Each structure stands twice: as C-alpha cells, then as structure tokens.
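What follows is one structure encoded as structure tokens, with my remarks underneath.
The values are calculated or read from the model by the stated rules, or taken from the named source; none is laboratory data. In this text, all values refer to a predicted model and were calculated from it rather than measured experimentally. Ideal geometry is used to build each Cβ from the backbone, glycine not excepted, and the neighbour counts take in all protein chains shown. Keep in mind that these areas ignore ligands, DNA and RNA; they rest on the heavy atoms of the full protein, side chains included. Shrake-Rupley method; radii C 1.70, N 1.55, O 1.52, S 1.80 Å.
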Amino acid sequence: MEGVDHLAHERSKAQFDVDQMKVVWVGSRHALQVSDRIARLVASDPVLRKDDRTMMTRKELFKNTLRKAAHGWKRINELRLSEEEASWFRHYVDQPAYTDLHWGMFVPFIKGSGTEEQQKKWLPLAYKMQIIGCYAQTELGHGSNVQGLETTATFDPKTDEFVLNSPTLTSSKWWPGGLGKAATHAVAFARLITDGKDHGVNGFIVQLRNLDDHLPLPGITVGDIGMKFGNGAYNSMDNGVLRFDNVRIPRDQMLMRVAQVTREGKYVQSNVPRQLLYGTMVFVRQTIVADASTALSRAVCIATRYSAVRRQFGSENGGVETQVIDYKTQQSRLFPLLASAYAFRFVGEWLKWLYTDVTQKLQANDFSTLPEAHACTAGLKSLTTSATADAIEECRKLCGGHGYLSNSGLPELFAVYVPACTYEGDNIVLLLQVARFLMKTVSQLPSGKKPVGTTSYMGRAEHLIQCRCNVQKVEDWLKPSVILEAFEARAIRMSIACAQDLSKFSNQEEGFAELSSNLAEAAVAHCQLIVVSKFIEKLQQDIPGKGVKEQLQNLCNIYALYIIHKHLGDFLSTGSITAKQASLANDQLRSLYSKLRPNAIALVDAFNYTDHYLGSVLGRYDGDVYPNLYAEAWKDPLNESVVPDGYREYIQPLLKNQLRNARL
Amino acid sequence: MDGSDHLAHERSKAQFDVEKMKIVWAGSLYAFQVSNRIARLVAGDPAFRKENRAVLSRRELFKNTLRKAAHAWKRITELGLSEEEASWLRFYVDELSYAYVHWGMFVPAIKGSGTEDQQNKWLPLATNMQIIGTYAQTELGHGSNVRGLETTASFDPKTDEFIIHSPTLTSSKWWPGGLGKIATHAVVYARLITDGQDHGVHGFIVQLRSLDDHLPLPGITVGDIGMKFGSGAFNSIDNGFVRFDHVHIPRNQMLMRVSQVTREGKYVHSNVPRQLVYGAMVYVRQIIVVDASIALSRAVCIAARYSAVRRQFGSENHEISGTRVETQVIDYKTQQSRLFPLLASAYAFRFIGEWLKWLYTDLTQKLEANDFSTLPEAHACTAGLKSLTTSAAADGIEECRKLCGGHGYLTSSGLPELYAVFVPACTYEGDNIVLLLQVARFLMKTISKLPSGRNYKLSGATAYMGHMEHYLIKYSCNVQKAEDWLKPNTILEAFEARAIRMCFACAQNLTKFADQSEGFSELSTDLVEAAIAHCQLIVVSKFIKKLRQNIEGNGVKQQLETLCYIYALHLIHKNSGDFLSTGCLNPKQASLANDQLRSLYAKVRPNVIALVDAFNYSDHFLGSVLGCYDGNVYPRLYEEACKDPLNDSVVADGYGEYIQPLLNQQLLNARL
Ligand SMILES: Cc1cc2nc3c(=O)[nH]c(=O)nc-3n(C[C@H](O)[C@H](O)[C@H](O)COP(=O)(O)OP(=O)(O)OC[C@H]3O[C@@H](n4cnc5c(N)ncnc54)[C@H](O)[C@@H]3O)c2cc1C
Ligand SMILES: Cc1cc2nc3c(=O)[nH]c(=O)nc-3n(C[C@H](O)[C@H](O)[C@H](O)COP(=O)(O)OP(=O)(O)OC[C@H]3O[C@@H](n4cnc5c(N)ncnc54)[C@H](O)[C@@H]3O)c2cc1C
C-alpha cells in the first residue's frame, strides 16, 4: 500500500500550476505557509486523532473533546503560537468544543459591547482562559425573535445589583454552546428593567460556575440539552440549558458600551452609536461564509477523488470499467459544486474586506454603507450555508452506497455543518431582511438616491428593465459582461415586480407578509448576483501561475451558467434571456464540464487538505480506497467478537423455537 | 403532562371528517383497523420503547435491537398473528433489524427465483425462523453494475457441488443487512461458471453460520462493515461483508427457477421466462414508494404540529382574549410555501403507491398468462417513481427539520434519525440517477417507435405520447385567470405537453449523433430531466384519477382536491424553467399559477393539523417531542434534555483532568 498513488495519472493531466492555486485558495503565500505548517502539526499529534469519534458514547466523546481542547491550549502555549496560528490550530482540530464559543462569540462580544474598563477587566482573564465564556442569547421559546426574550435583569438600587430571573419555562436559556458543562461565565441577554420599566434586551456578564469546584452558583440551574443530529458531529459540544432564580450580579457587569444604568438606576444611552453593535454581526456572519466554502470544499474533495477511483459499468467493449467521474450526470452534479466552493471562497474573501471597510467607516462615524453591508452579509450567509448543506449531501449521494458509511466522513460533515442554516439567523428570516432592504432601495429609486455597494446596479434600473440579452451562439456565454447583465436584469426585474405587487396592498406589512415567498426569491436572485459579480471581479485581478486564471475562469462560467440553468424559470419569466439562449447556455455548460474534467483532481488538491483533516476513507489523497474500507470495517465494536453480544439470549432461542419460554 | 390538548383549537377548525380521511389514507376501513390495532399493541408494550436509542453505544444498540426482534417474533407467534398483522407489527417496531431483510428480501427472493422443490424445502425453515436469511448481491467494488460482480460459483462435476469463491478484495460482499453478525444463510449472487464458461450472475443459497454455535462455517470470513449515517438509524442493523474461500455448496442450492445446471454440468434454461424475475424488482420498488410516503408524512406531521405550536414575532398586532401573543410560525407564508407542498406530496405519494400496488398485481397476472407486453413500461414506471419519490421524500424530511428551527436539530425532535434512516433509499435498490437513465432509455425507445406524423395508441403511463402531434404543434395552454388553474384537464395537459416536448427535444438531439450510445451519454443530463418530467406527470395524473373515484366523508374530497392542486402547481412553480422554455406556458400563466398557489395555501391552512392527524400516527411511532399529538412541546423538550448521560453528574466527567488545570493555568505540567 505504501507509496502507491492511485490518482497519479489524474494528477498528471492537470493543465495548471497546483501550488499557485493553493496560494489563491488560502489567500496568500503567508497564509498557505502558516496553515500548512499547523495542519501537519495537528495531523501528526496522536492525541488529536479523530477516526474513532463516531463510535464513542456521548460521555466518552465529550470527555475526549475536553481533552483535545486542553491539549490544544497546552500546545498553543508551549509552542507560543501567535493568535493567527492558534486559530488555525483550533480549526484543524476539527471538533466542536466550548473553545469555539469562547473565542468566536464571548471574546468578540465583550470587545464589541463592553466599555473600555470592562474590556480591561474581562479580556485578560478570557485570553488566558482563566475563565471560559459562552454566549447565551437563545431561549427555549425564542430564537429568531431576539426582542421577544423573556429573561429579566432587574436593577436593585438598594444593593447596586441586577437580579436575573427566568420567569417562565420558555425563558430558559437553551442552545448556547459550552454552557451545558464547561463554561464558567456567560454573556447572557435579558430584558433590562429599572424602576418597573422595560428597556428591552441587553447583555450581561454572568458567572455560572464556581472557579474552585466548577459547581453551579446558587440560583443557577444548568445542564446539557441532549443529543443532536448524527454521531460525532455537534455532540462533542455541550449546548446547554440555563435557568436563573434571582441571581445577583454587580451593576458593572452589564455591557455598557452603548447604554448604561447609573448608580441611581437611570437608563442612559452613551454617545457611542448603537449601529456599532451591527459590526460584530457582520464579523460573525462573514466568518460563517468562509466556513461554508471550507465545508463545501471538503465534501467536494472527497466526492471528486472517489469518483475518479470508483469504476462502474462500461467494460462491455473490453477493458476496464468507466470511472464514474466520466459520466455526464455525475459531472453535472459534481462540477457545479466544485465551482461553488471556489465562488464562496472568493465572496468570503471579499466580505472580509467589506468588514474592514465598514469598521473603518463606523469609526469615522460614517454609517451610510452599514445597511447595505448588513443586508449583504445576511443574504450571503443565507445563500452560502443553504447551498453548502445541500451540496454536502449531494456529494455523499455521489459516492453511492459507500458514502453512507461514517468513515466516508460525509455523514458527519453534513451533520456538523447543517445547523449553520439555522444559527446566527434562520436562513429564511435573513432572506426576508434582505428583501426588506431591497424594497426600500427600489422605493427610493425615483427620489434619485443612488444605491451603493452591491445594490449599485439598481441605479441602472431603467436600462436593465428593458435590455435584451444578445447571446446568439454558444461562445457568447463566455463573456463576463453578458453573464453579469443577465443576472442584473433578472435580479432587478424580480425586485421591481415584487415592489409593484406590494404597492397594490393598502397595508404594506400585510402585503409584505402575503408576498413573502416571492420576496425571498427576489432576495436569492440578488445574492446570487453578488456571488457571480465578485467572482468576475476576482478574475480581473492579476493572478500568477501557469494556467491558474484559465481554470478559475472556467469555474466562474460554470458557476454562473449552472445557476442560470437551475433558476431558469426566473430568467425566462422576467424575459432576461430567451428559451433559445437558455439552451445555448446549457450547451456551453456541457463543454465547460469537459474542459474542467482533466483538472478536477488537481483543483481539489489545491485545497491542500491533509488526510487527517478530511477524515475520509473515500477521499484519501492516494485514492487507495478499498483496502482501507476493509480495514476500517474491522474496527467496529461489533467485530470485537465473532458471535455477537446477545446471541445466546435473543438469537439462539429464536432459531431453536424456544422463544416462548424465554424472558426477553 | 397536563392532559390538555394544545392543538385543540387547530383541530376544531378542520372543515372535513378526519376519521374518514384516515380510511382514505390507510387504503380501506379494514387496513385502517388492522394497522390501528397493531400500532396500539406496539406502542403499549414497554419492550418496544425507543426513546433512548440515540444515546446507546453501537453494541448496546445492536443488542437492544436483537432483543426487540426476538420479542416481536415471540409476540407474533404467541398472538398467532397473520402474515399481514405480523408485517404491521414489524413496521411499527420501527427499528431496522435482520428481520426486515429476512422477510423483505430473502423470503421473496426464494419465492421468486426458487423452483417448487426449493421453495418446499427452504420456505418453511425461513417462515418459522429456523434459519435467518440475507440478500447478498452488492460487493465492495460493484453495486449499480450487478453484471460486474466478481464472486464466482464454479460447478465441480466431481462432487456435484458449486464452489463459491471471492477472487479479489473488491469481490467481497459488502452491505447486505443482517449479514454482519446474524444471518445463518444468504442468497448470494455470483458468476456461474461451468466447464470454464461464464454464464453471468445467478443466485445461490449459502449457509454462512453453524446452526449450533453460530460460528462462521469454514472458508467464510464475515463481519460488520461499520458505523453508518446518524445515531440510531441504520446502526441498529448489521450491514455486513463476507468473503468466500472455496466454499462448497450442493448443486441444488442454486436458485433454478429460470435456469439450471444439470448433474453433468450443462447450463440449461427452464421454460419459465426470464422476465418473471423483473416482477420481483417491481414488487420491491413499489414497497419503497409506499415507504417514501410514510417517511415523508411522518416528517410533515412533526413539522406541521410544531409550526402550529411555535410562535415567533408579531406580538405587536396580535391579541388573543386580551393578551398579546406572537404569530404561529405556520401562519408565515414562507413557512407555508415550504411546508404545504410537502404535505401535498405525502398524499400524492400515498396514492401513487396505491396505484403501483395495483400495477404490480396486474403485471403478475399478465406475466402468469405469458403476456409480457406491459412489462417494460411497468418496469420503467416503478424505477422512475422509486427515484422520484425517494429523492423528494429525503429532501422533504430535511426541509421539515429546518422548518423546526433550532429545535429540529435535537435528536428528540425525531427528524435527524428519520432522515438518516430514510436517505439510503435514494441509493439502494438502484441509485436514483441510474434509475432515471433507465427511464430515459425507455422513453427514447418509445418515441423512436412512434410512427411519424400519426397518432398512435400506447398503453399505460406512456399513453399520452400517442398525442405527440397534438402536443408538439397545436397545444397551447388556455389559462387566462388564476381560477383556470383549478381545472384538472388544464393541469394535466400542461404536464403532458412539457413531458412530451422535453422527450422529443432529447430524441431530436440524439439523432445528431452518429453513435447513439455516445449521444445518450453526452446528453444524459437532459435525458434525466426529461425522465423526471415524465414521472412527475404520472404522479399528478394518478392523483387526479384518484379524485375521480367516489370518496366518502364530509369535505374529504375537497381537501384532497386542494392538495392535488397544490402538488401540481408547486411543481409548475419549481420547474417553471421547463414549462417556459418548452413554451407550454407563458410567463403570465406561470405567474397566475403562483397566485393560485397562494390562495390554495390559505384554503388548506385551517385543515393542516387535521390533515396530519389523518395519518393516524401514535406518539410512539412518531417518536418526536416536537410532533407529539397534544402539542405540549416545551415541558417535554426540557424533560428529554434532563435524560442525557452528560447530565448524570453536575460536574462533567473530565473536569478534574482537563478543565480545572486549564482554568488554574496548570496545564503545562499536566499529562493529557
Ligand atoms: C447547533 C446550534 C448551536 C447554537 N448555538 C447557540 C449559541 O451558542 N448561543 C445562542 O444564543 N444560540 C445558539 N443557537 C440557537 C440559534 O441561534 C437559534 O436556533 C436560531 O436563531 C433559530 O431560532 P429558532 O430556533 O427560534 O427558530 P424559529 O424562529 O423558531 O424558526 C422556526 C421556523 O419559523 C420560521 N420563522 C420564524 N420567524 C419567521 C418570520 N418572521 N417570518 C417567516 N418565517 C419565520 C423559520 O424560518 C423556521 O422555519 C444554536 C442553535 C443550534 C442549532
Ligand atoms: C443502507 C444500505 C443498505 C443496503 N442493503 C443491501 C442489501 O441488503 N443487499 C445488497 O446486496 N446490497 C445492499 N446495499 C447496496 C446498494 O444496493 C448499493 O449501494 C446500490 O446499488 C448503489 O450502488 P453503488 O454503491 O455501487 O453506487 P455506485 O454505482 O458506485 O454510484 C456512485 C456514483 O456513480 C454514479 N453512477 C454509477 N453508474 C452510473 C452510470 N451508468 N451512469 C451515470 N452515473 C452512474 C451514481 O449515480 C453515483 O452518483 C445497501 C446499501 C445501503 C446504503
């Protein structure tokens, strides 16, 4: 087995410089070097192996996760890893743990919502992990509707404290990761009440567990909310439940950057604008988009390699069977997903830039682009996570029966990924927010207000409403400007149609509710346009490396034309393209697939994933699938004994017709 | 629980007779009564509890499944249940075990492919469960391509035996359920070789394990293939692998109904036509279609009830008896447009399953009378519907889970396991894409046989193709206002026109290729889409046909009509690219369909809870905290959470080793 590369022939066919593509994929040569080094470090550390994860019981799995988190922290300190290196490290450990929320939500939130003093007090503790924090917003009864949270924080002027309470069963905090068993502290969201008056939802730092013995503090009931989708997957995380029974915290543990309660119990707004809080949201969602491209690329990497290894049918005319990757149906399912992985990568990169840009503007008190940036990240979070979840499942199905085995890695990848469609904003709720923003933008068009950023195409509404796509032959579909205009025309025509239908309602809210399905579709059209346009923009940059740009161009065209095919109804019903043009797009798509085919394996190699990180027998770099499937099977606990546990009680008496008297 | 019905108000709004709908759903009053009785029997038996399934380790789960299977068999024999009742009982136990493969694959294979002698010998053993059988076809290297199997069965004239052998690693049998740890026997598919000549793949009955001590027989290496998707789910069954090292079996253990090997080693065909074997395939796939409607209806039932319980946003303008309450999420149009088509699909698949059952009976009678004329059509039809319904049901279950927001992600919602256990139906018994390509091949053949320019009589589900000329040239949809979309004929014609035009376009493009099979593979993606259009038409047309029957019960038929329209119009909306690009509809008509869809959603809304009640699922069978009949969701969620093993202790296992040293900054010296 040692040393054979079953995919060597595939690799030799690539028409581009894979190493350069690796740089493009991670973003820079520096990022490639760091991530590559840390990936190897993690992969070679026996404590961090994960091939036994799906066979563990919940308790074993959780303990194993605690161990990995502690070991990770130990290594990070021993090796004095930088913040960047440490976060790559956690990434490659690839097992959800309380640390994700500690670093990903608790710390950013204190940074975003705490006063300078609060940051000085809490951040050093958090950075050294002398405390472990979680983010407790969602309740049993309320997730999407944050304004409806029921937990109360009532100011007691006598003691200068807040009293936290869970007045109902549905007000129990429910879902926060790390809360169930690990966290010592939480940022908890509660309705602030002073002097009988409700000031709405605010954040508070609450200690949950004793730092000596880890027991919950008085008045706090806390636990885990139970098993979740799949084995392994998110079950390594202790998503928790939390109830407060008159829990007192000092007044200075309210996060007071934008609003404060004074010693006298007066509620006052600070001079820091509220909008700053949205910055954190943009930040978190932008990382989710980056995660989407990562999860999708993993699945695509596995399915692509296995499709090149797997052969089925086609030996009738002698010779070996056909690699399933050569079937056109396989290609038309797989290659658009490969293209999507790259597309999401670049839109994620762009969002990172957008976040930096917004932050700078906010600091300069310029809020003009915030609504657009906010809508844009919300929409892209929704679009990319939904597409990724579906795509992982499709990749699993592309692997036939063997994709259903845990050791293919795909079931767990799906199970651990799919809640991204729900957390940080339910994907439908987010699309409706985007739609609301689009309707507002459309309604302001006549006033001459220039739409900004990703909505600037709406400024050309007049042209886009009547323009005609001028594709006449297959090759015309390779022009970026043609593609872009078709997407713009479709998006704006759908938005304007919605706006016109809305105007027929006397009550706008009622109209919005009634038409919400159409509105969500218009929002999707807008977001797909953004992805396509950012991919095209990326290609306008200088990209070094032999053949690299050609491959990316090919992928970009595949992504766009595949969307056209998939959403053909939109393009045709808005008259953005004709039926004949649609069929040309489809023909073009077929030849793009053929063009991509010899490069498929190299294009997934460019993700630079170690076998450890991929965690898939089917996706192994060397393509040596079958002996390893066989070897893995033997490791199942059921194979520990030849005759199974339970044979004597439940099988033997049945075969011998002696069940009647058996006690079962 | 508090005993009150949190969904009572919803139920009171229903505009039809739920009890009568239950009968329509079950198929007959008799079927309803039997299934209802057995469902209660199972639900009332503590030995069949299943709520802790997801937290069990693989070994515990497996042992527990063995216990349930034995207990089920014990009850079946104690109570003297009929075959029908017994299969309902296994169904409601709702935990996959060797018993499903034994009854669902092993026994039918012997019935279908065994001679009378063989049936007389093996069936009594199997039906008394003195042996346990599995169905061993798939190998590590070959699943879809059955003809490519590598296991060999070589006839040895000296000993009058077959020698079963696995020549390569990839020839290991891989996947058969019940094989890994339990089955004593298997129907094994292997290449028959006599006198050095390869006669292709045939079935053989092979004993795997000793009936005394259950140890594998000499020459047999057997085991479980490992964990599968999800917790619980398919992990309760021992899908297995087996390798044969020159295993000898008597000659009469080859299944010889259609072809035989004589004592001299001659390979001969019997006078039983080969086609009979396809009958068994039609049978199995028809069952899978029924399963799809059941799995989807379970998910829809959970999501519909929870959507009526869950309230989110909207308290600004919503009051009930003086207190402000939030909107039930089922009242959001986006929720409706995702959920209601799935409800309609569940009913549509139910009726198509019913029709397929009829088709199978019809086919069997014809085959027995040596009439093979309808076989290709029936075969294509079941293959296509298996593909269509399982793909749609799998996606539908996952959508239902998402419709439940965060709580749908908890195992206690029942939806993760329902998905994990159902989704392989897209793969087994024929990969769904491979099946659609078979349908497409059949459609292209049908078209190529149509004499050009004249209307031509065709039977079965392709009859509409006889109107090719009409649909290609004259047809235009005459919808002018939203109500026009409520005419069954209008809908039917639109679906027929779309299917024909897509098929015809493919056929034309195919003629441009010199090499037909090259053309077929080059155009296979378009062909798959044409096959889907054809299959969707079948589902719509059979639903419409069902409505032409006499259906009893106040308001029952009206509800089914609404569901039928929802099913059809949602497909038009979802596939509007097809309808528009083929010119079957214009954009205005597509948009009217969408308007009509919205009013249909409003019409069905008050009936939704009653429509899922009509499935008549017990809380035990549903196995969902979110979908419980009384809608008392929150206390149940809380109670379930408390049962997780992590909550056995207040301070987590591992705190002393891995958390305390971290918080106390003492990690550097710790041994981890
Ligand atoms: C794995 C996981 C980890 C999590 N981690 C955390 C955490 O660390 N901290 C934390 O605080 N929370 C966490 N959450 C909670 C998460 O943020 C919420 O589940 C999420 O916000 C969705 O809210 P919900 O569950 O209330 O869904 P609901 O709002 O109840 O959604 C149910 C259905 O109603 C629909 N719906 C709701 N409102 C509308 C509307 N206005 N219009 C149309 N349709 C609507 C939705 O589309 C959905 O189909 C986590 C959740 C999961 C699954
Ligand atoms: C849970 C489960 C239970 C099972 N139980 C049994 C059992 O009891 N007994 C048994 O014998 N088997 C069983 N099987 C095996 C099952 O029948 C096969 O997995 C199934 O037939 C699919 O074959 P495959 O795995 O070889 O897929 P493959 O054929 O390898 O499919 C891989 C990919 O190639 C594509 N592909 C393959 N051929 C073509 C083509 N000609 N044109 C275009 N695309 C193509 C497919 O669409 C798919 O995307 C079970 C499988 C599962 C998952």
- To the nearest whole percent, what portion of all C-alpha pairs in chain B is separated by more than 47 angstrom? 24 percent
- Task: Report the residues of the range B:544-581 in range of a label on B:Ser459: point 7 Å along Cα→C-beta, backbone N strictly under 18 Å from it.
- Result: none
- Quick one: if the Förster radius is 30 Å, what FRET efficiency do B:Glu84 and B:Glu51 give, using the C-beta to C-beta distance and rounding to 0.05? 0.60
- Item | Full-extension gain in nm, B:Leu211 to B:Val268, via 0.36 nm per residue minus C-alpha separation | 17.2 nm
- Cα convex hull volume per residue for the range A:356-396, in Å³, equals 54 Å³
- Message: Using a Cα-Cα cut-off of under 17 Å, which aspartates and glutamates could be cross-linked to A:Lys266, ignoring same-chain neighbours fewer than 8 residues away?
- Response: A:Asp156, A:Asp160, A:Glu161, A:Asp195, A:Asp198, A:Asp252
- Query: Averaged across the residues of B:173-184, what count of C-beta atoms belonging to other chains lies within 10 Å of each residue's C-beta?
  - Reply: 3
- Note on the structure: Full extension between A:Ser315 and A:Val272 adds, at 0.36 nm per residue less the Cα distance, a length in nm of 8.3 nm
- Item | Kirkwood hydrodynamic radius of the range B:524-672, Cα pairs, Å | 21.1 Å
- Send over a whole-number figure in Å² for the accessible area per residue of the range B:1-145, probe 1.4 Å. 42 Å²
- Query: Computed over the Cα atoms of the protein assembly as shown, what is the ratio Rg over Rh, Rh following Kirkwood?
  - Reply: 0.95
- Message: Under a crude label model (7 Å from the Cα following the beta-carbon direction), how far is A:Gln147 from B:Thr361 in nanometres?
- Response: 5.9 nm
- Note on the structure: The percentage of Cα-Cα pairs in the range A:278-605 separated by more than 34 Å is 26 percent
- Report, in whole Å, the centroid distance computed from the Cα atoms of the range A:194-255 and the range A:548-585. 49 Å
- Message: Given the whole protein assembly as supplied and a 1.4 Å probe, what does the accessible area of A:Trp353 come to in Å², nearest 10?
- Response: 140 Å²
- Message: Please list 3J(HN,Hα) in residue order for the range B:514-528, calculated via the Karplus relation 6.51 cos²θ - 1.76 cosθ + 1.60 where θ = phi - 60°; whole Hz, with x for glycine and proline.
- Response: 5, 9, 4, 6, 5, x, 4, 6, 5, 9, 4, 5, 5, 5, 4
- Considering only DSSP states other than H, G, I, E and B, which GluC sites (Glu not before Pro) in the range B:523-591 qualify as loop sites with at most 15 other Cβ atoms within 10 Å? B:Glu552
- Query: Ignoring the sites themselves, what is the longest stretch of chain B with no trypsin sites (Lys or Arg not before Pro) in a DSSP loop and at most 16 other beta-carbon atoms within 10 Å?
  - Reply: B:275-453
- Which trypsin sites (Lys or Arg not before Pro) in the range A:23-75 pass both tests, a DSSP loop state and at most 15 other beta-carbon atoms within 10 Å? A:Arg49
- Query: Which distance in Å, rounded to a whole number, links the C-alpha centroids of the range B:338-386 and the range B:650-672?
  - Reply: 61 Å
- Do any of A:Lys111/A:Lys352; B:Lys228/B:Lys643; A:Lys635/B:Lys121; A:Lys504/B:Lys574; A:Lys549/A:Lys580; A:Lys580/B:Lys542 go past 28 Å between their Cα atoms, and which? A:Lys635/B:Lys121; A:Lys549/A:Lys580; A:Lys580/B:Lys542
- Relative contact order of chain B, pairs being alpha-carbon contacts under 8 Å that are 6 or more residues apart, as %: 17 percent
- Could you sort out which of A:Lys22/A:Lys74; A:Lys22/A:Lys566; A:Lys59/A:Lys381; A:Lys566/B:Lys402 sit more than 24 Å apart by Cα distance in this structure? A:Lys22/A:Lys74; A:Lys22/A:Lys566; A:Lys59/A:Lys381
- Round to a whole angstrom and tell me the spacing of the C-alpha centers of the range B:582-596 and the range B:509-578. 16 Å
- Unit Cα scatterers, Debye sum, the range B:380-483: log10 I(q)/I(0) for q = 0.10, 0.15, 0.24 Å⁻¹: -0.51, -0.81, -1.14
- Message: Could you report the buried accessible area between B and A, both sides summed, computed with a 1.4 Å probe and given in Å² to the nearest 100?
- Response: 11700 Å²
- Task: Using a cut-off of under 15 Å, list every residue of the range B:589-626 whose amide N is near the label point 7 Å from the Cα of B:Ser476 along the Cα-to-beta-carbon line.
- Result: B:589-590
- Task: Tell me the label-point distance for the pair A:Asn246, B:Leu125, using the 7 Å Cα-to-Cβ offset, in nm and rounded to one decimal.
- Result: 7.5 nm
- Task: Please report, largest first and rounded to whole Å, the three semi-axes of the ellipsoid equivalent to chain A, where each semi-axis is the square root of five times an eigenvalue of the C-alpha gyration tensor.
- Result: 41, 38, 24
- Cleavage-rule hits (trypsin sites (Lys or Arg not before Pro)) in the range A:524-620: DSSP loop, at most 16 neighbouring Cβ within 10 angstrom: A:Lys546
- Could you give the Stokes-Einstein D for the range A:436-594 in µm² per second, using the C-alpha Kirkwood radius, 20 °C, 1.002 mPa s? 129 µm²/s
- Give me the number: length gained by fully extending A:Arg436 to A:Leu217, i.e. 0.36 nm times residue separation minus the C-alpha to C-alpha distance, one decimal in nm. 74.5 nm
- Message: From the gyration tensor of the Cα coordinates in the range A:516-664, what semi-axes in whole Å does the equivalent ellipsoid have, largest first, with each one equal to sqrt(5λ)?
- Response: 52, 26, 15
- Under Karplus coefficients 6.51, -1.76 and 1.60, residue-wise ³J(HN,Hα) of the range B:616-623 in Hz, glycine/proline x: 6, 8, 6, 4, 4, 5, 4, x
- Query: Expressed as cubic angstrom per residue, what is the convex hull volume of the alpha carbon set of the range A:110-272?
  - Reply: 125 Å³
- Inter-label distance, nm, simple model (7 Å from Cα along the C-beta direction), A:Asn657/A:Gln466: 8.9 nm
